[in-house]
Amino acid sequence: MMRVGILTSGGDCQGLNAAIRGVAKALYESFDEIEIYGISDGYRGLIRGEYKRMKPEDFSGILTIGGTILGTSRQPYKLMRVVEEDSVDKVAAMKKTVTKLRLDCLVIMGGNGTHKTANLLREEGVPVVTLPKTIDNDLWGTDITFGFQSAVDIAANVIDCIHTTATSHGRVFIVELMGHKVGWLALHAGIAGGADIILLPELPYDLKRVSAALEKRRKQGKAFSILAVAEGALSRREAKMGKKELAAARAAEGYPSVAYRLAAELQDQAGGEVRVCVPGHFQRGGPPCPYDRVLATLLGAAAAGCIREQRFGVMCAMVNGQVVPVELEKVAGKLKKVPEDCLEIRMAQEIGVSFGR
Ligand code: F6P
């Protein structure tokens, strides 16, 4: 008898259910005797011992559904070994659930924080296989994460819609896109939506250059402009600050986010109307796009393959068009940032997109 647990952790994204389905269907195909347990709400359920014995029918009809049927939560990695007021030893509690269910493997789907804890569980002797999910696409070791392409679709659609109203009114619009500390989503959505200026955390911006890019467009007779700004975008001055100094400086400024500060600054410098649009969690919601359904299904089936081969302690990754297992210890704690000289940035610059540099 094979026993496998599945959990989804961290911020949700499109394609989680497709991946859960992929894992389960491939496991049912592979093993005559198999029990699958759905762990509730990510690591929180593993800590609390909250789970459900899944049936084959639980995995039907979920391919196209957004979110996660298992629920999710954010359980900070840095607190995993800290015993808090509730006196719970979280690592011991997670291992206890694994032992109680006699799991042969725990399939964990998540982003960066999730992978650090998955690696911790591996170090503690738990057989784990992970899948890379996040709209941020910032997980080291894989070319792409599921959720990313669906979020790009939504974000690009937002920019498309903003384009028409910006054109009618001759306004400058700043569209702030998710992505946490990296700019993949803003970069791809910005290019797909035809943004004139794209600001990314990886390329700290110079406000004067941003203003100059707007001015250039005005001189060309273009009354409107669109800026696609990553939520983690930084000015050059901010890029030199430490984490605490940056947080204090931002708090003192009092803007809800970088887009609002930029709007105020650009309004001061250039005059004219500057409006902000923050699609926020819209970018993580709704059905996965077909690309993500395929990717999540491939990776889910690959996770079942790893279990078949007893290949544990790995993330099923997409590298150069192939699904490959990547050692978790190599993945954990590393961020995949947008390289300054990547093709997308070079080509966008070729067609006149400004990165505020
Ligand atoms: O990691 C995915 C993500 O959507 C980031 O892009 C964003 O910064 C963060 O999660 C938002 O987190 P929460 O859903 O906890 O507000």
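The values are calculated or read from the model by the stated rules, or taken from the named source; none is laboratory data. Computed from a prediction, not measured in an experiment: that's the story for all the values here. Cβ atoms come from the backbone with ideal geometry, glycine included; neighbour counts cover every protein chain shown. We work out accessible area using only protein heavy atoms, side chains counted, and drop any ligands, DNA or RNA first. Shrake-Rupley method; radii C 1.70, N 1.55, O 1.52, S 1.80 Å.
Please specify each residue of segment 120-155 satisfying the condition of being more than 16 Å from the ligand (Cβ to nearest atom) and either at negative phi or open to solvent by less than 30 Å² (accessible area, probe 1.4 Å) (or both). Result: L120, L121, R122, E123, E124, V126, P127, V128, V129, G141, D143.
Within the span defined as segment 199-207, one or more residues are among the charged types (D, E, K, R) and farther than 18 Å from G280 by Cβ. Filtered by the rule that a residue be in contact (Cβ under 8 Å) with a residue 40 or more places away in the chain and in a helix (DSSP H, G or I), segment 139-165 gives F148, Q149, S150, A151, V152, D153, I154, A155, V158, I159, I162, H163. State yes or no: is H180 surrounded by fewer than 20 Cβ atoms within 10 Å (Cβ to Cβ) and within 16 Å of the ligand (Cβ to nearest atom)? Here the answer is yes, as H180 does meet what is asked. Scanning segment 258-286 for residues that are within 16 Å of the ligand (Cβ to nearest atom) and part of a loop (DSSP other than H, G, I, E, B) turns up V278, P279, G285, G286. Kindly evaluate E245 against the criterion of being more than 16 Å from the ligand (Cβ to nearest atom), acidic (D, E), in contact with a helix residue (DSSP H, G or I) (Cβ under 8 Å, 6 or more places away or on another chain) and without any contact (Cβ under 8 Å) to a residue 12 or more places away in the chain. Answer is no for this residue. Of everything in segment 159-171 that is of a type in the set (V, I, T) and open to solvent by less than 30 Å² (accessible area, probe 1.4 Å), the residue that is farthest from the chain's Cα centre (by Cα) is I162.
Here is the figure for segment 254-312: residues that are among the basic types (K, R) and within 30 Å of M1 (Cβ to Cβ) total 2.
Once segment 74-114 is narrowed to residues that are in contact with a Lys or Arg (Cβ under 9 Å, 6 or more places away or on another chain) and surrounded by fewer than 12 Cβ atoms within 10 Å (Cβ to Cβ), the residue that is nearest to I307 (Cα to Cα) is R102. For segment 275-287, the criterion of being charged (D, E, K, R) and open to solvent by less than 10 Å² (accessible area, probe 1.4 Å) is met by none of the residues.
Yes/no per residue for (1) closer than 30 Å to D153 by Cα; (2) in contact with an Asp or Glu (Cβ under 6 Å, 6 or more places away or on another chain); (3) within 16 Å of the ligand (Cβ to nearest atom); (4) of a type in the set (S, T, Y):
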residue	(1), (2), (3), (4)
S9	yes, no, yes, yes
I20	yes, no, no, no
Y28	no, no, no, yes
I34	no, no, no, no
S40	yes, yes, no, yes
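Applying a threshold of 6 Å to beta carbon distances and a minimum spacing of six or more residues, or different chains, the list of pairs starting in segment 278-296 at a residue that is at positive phi and at pLDDT 95 or above and ending at one that is open to solvent by less than 40 Å² (accessible area, probe 1.4 Å) and not hydrophobic (A, V, I, L, M, F, W, C) reads G286/G66. Across segment 317-332, a minimum of one residue is classified as open to solvent by 10 Å² or more (accessible area, probe 1.4 Å) and closer than 30 Å to E176 by Cβ.
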